[in-house]
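Here is the structure we will look at.
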Amino acid sequence: MKHASDFKTAEAEFQPSHHVPKDFRDKFAYRLVKFMRVFADKFFAGRYGHRAVVLETVAAVPGMVGGLLQHLKAIRHIRDDQGWIKELIEEADNERMHLMTFIHIAKPSGFERFLIMITQFFFYNAYFFLYLFAPRIAHRVVGYLEEEAVVSYTQYLEQIDAGNVENVPAPQIAKDYWNLPDDARLREVVIVIRADEAEHRDTNHHFANQIVSGEMS
């Protein structure tokens, strides 16, 4: 995973993208993600920082699950993983750093911490079995989740620019991880995290496409 050392470059190079569902598997993944978004929108509304805390907990799960199952599959079939394991584990760690960053910014309540545990428990088990039996759909789900994450962080950025969300100083953990300048603020943090999410979006759609083409399973 390449860290965004220049947030201005990350903002300038950002490109929105959407994978158009092509068959019933894609449509299932897309509709599932849209269904999940309804609950997130209703529960968190405009509380973008708190929303990020809970959703990044979910986002950190797929990479670790996928990395584990690809690792076991590579050993079982005695074959090369074509770099998938490293990419997926790094994705999980990157999402974990998103969470650690927003914990400093949003300072979640006791209830939100409890919600994090419950959400992680159910999502981990559901995603594990989804990836075990339908890895293509699992990667497509993550691709669409990341598309929604890009939308959410773009809205977050718009609220900061409009003055509706305070542009607080960036926490030190974010400055260290993304090599941000000492005077970096929340706006720069959102920009580099959005760039990460866009990268995860493209990676998971690419993995799903490779499974479709038979290059990987």
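The values are calculated or read from the model by the stated rules, or taken from the named source; none is laboratory data. For clarity, every value in this text was computed on a predicted model and none was experimentally measured. Cβ placement follows ideal geometry from the backbone for every residue including glycine, while neighbour counts extend to all protein chains displayed. We work out accessible area using only protein heavy atoms, side chains counted, and drop any ligands, DNA or RNA first. Shrake-Rupley method; radii C 1.70, N 1.55, O 1.52, S 1.80 Å.
Answer yes or no: is there a residue in segment 152-164 that is under 30 Å from Lys22 (Cα atoms), part of a helix (DSSP H, G or I), at pLDDT below 95 and of a type in the set (Asp, Glu).
Checked segment 152-164: no residue is under 30 Å from Lys22 (Cα atoms), part of a helix (DSSP H, G or I), at pLDDT below 95 and of a type in the set (Asp, Glu).
Conditions (1) open to solvent by 60 Å² or more (accessible area, probe 1.4 Å); (2) not aliphatic (A, V, I, L, M), marked per residue:
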site: Met117; (1), (2): yes, no
site: Phe122; (1), (2): yes, yes
site: Val141; (1), (2): no, no
site: Val150; (1), (2): no, no
site: Ile173; (1), (2): no, no
site: Asp176; (1), (2): yes, yes
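Looking at segment 114-123, is at least one residue within 25 Å of His18 (Cα to Cα), in contact (Cβ under 8 Å) with a residue 24 or more places away in the chain and part of a helix (DSSP H, G or I)? Lay out the reasoning, then the answer.
Restricting attention to segment 114-123, the residues satisfying the condition of being within 25 Å of His18 (Cα to Cα) are 123.
Now restrict to residues that are in contact (Cβ under 8 Å) with a residue 24 or more places away in the chain: 123.
After this cut, where a residue has to be part of a helix (DSSP H, G or I) as well, the list is 123.
For segment 114-123, residues within 25 Å of His18 (Cα to Cα), in contact (Cβ under 8 Å) with a residue 24 or more places away in the chain and part of a helix (DSSP H, G or I): present.
Inspect segment 96-106 for any residue being in contact with a helix residue (DSSP H, G or I) (Cβ under 9 Å, 6 or more places away or on another chain), polar (S, T, N, Q) and either part of a helix (DSSP H, G or I) or open to solvent by 40 Å² or more (accessible area, probe 1.4 Å) (or both) and give the result as yes or no.
Pass one, segment 96-106, residues in contact with a helix residue (DSSP H, G or I) (Cβ under 9 Å, 6 or more places away or on another chain): 96-106.
Right, trim to polar (S, T, N, Q) and you get 101.
Retained after the next criterion (residues that are either part of a helix (DSSP H, G or I) or open to solvent by 40 Å² or more (accessible area, probe 1.4 Å) (or both)): 101.
Checked segment 96-106: at least one residue is in contact with a helix residue (DSSP H, G or I) (Cβ under 9 Å, 6 or more places away or on another chain), polar (S, T, N, Q) and either part of a helix (DSSP H, G or I) or open to solvent by 40 Å² or more (accessible area, probe 1.4 Å) (or both).
When you go through Asp81, Asp176 one by one, which is the residue that is free of Cβ contacts under 8 Å to residues at least 60 places away in the same chain and not in a helix (DSSP H, G or I)?
Answer to the selection: Asp81.
Tell me, please, whether a residue that is basic (Lys, Arg) and within 13 Å of the chain's Cα centre (by Cα) can be found in segment 72-80.
No, segment 72-80 has no match at all.
Run Asn167 past the list (1) in a helix (DSSP H, G or I); (2) more than 21 Å from Ala92 (Cβ to Cβ); (3) touching a helix residue (DSSP H, G or I) at 6+ places or on another chain (Cβ under 7 Å); (4) of a type outside the set (Gly, Ala, Ser) and report the number of the one that doesn't hold.
(1)
When Lys42 is evaluated against the numbered criteria (1) open to solvent by 90 Å² or more (accessible area, probe 1.4 Å); (2) part of a helix (DSSP H, G or I); (3) basic (Lys, Arg); (4) modelled with pLDDT of 90 or more, which criterion, by number, is the only one it fails?
(4)
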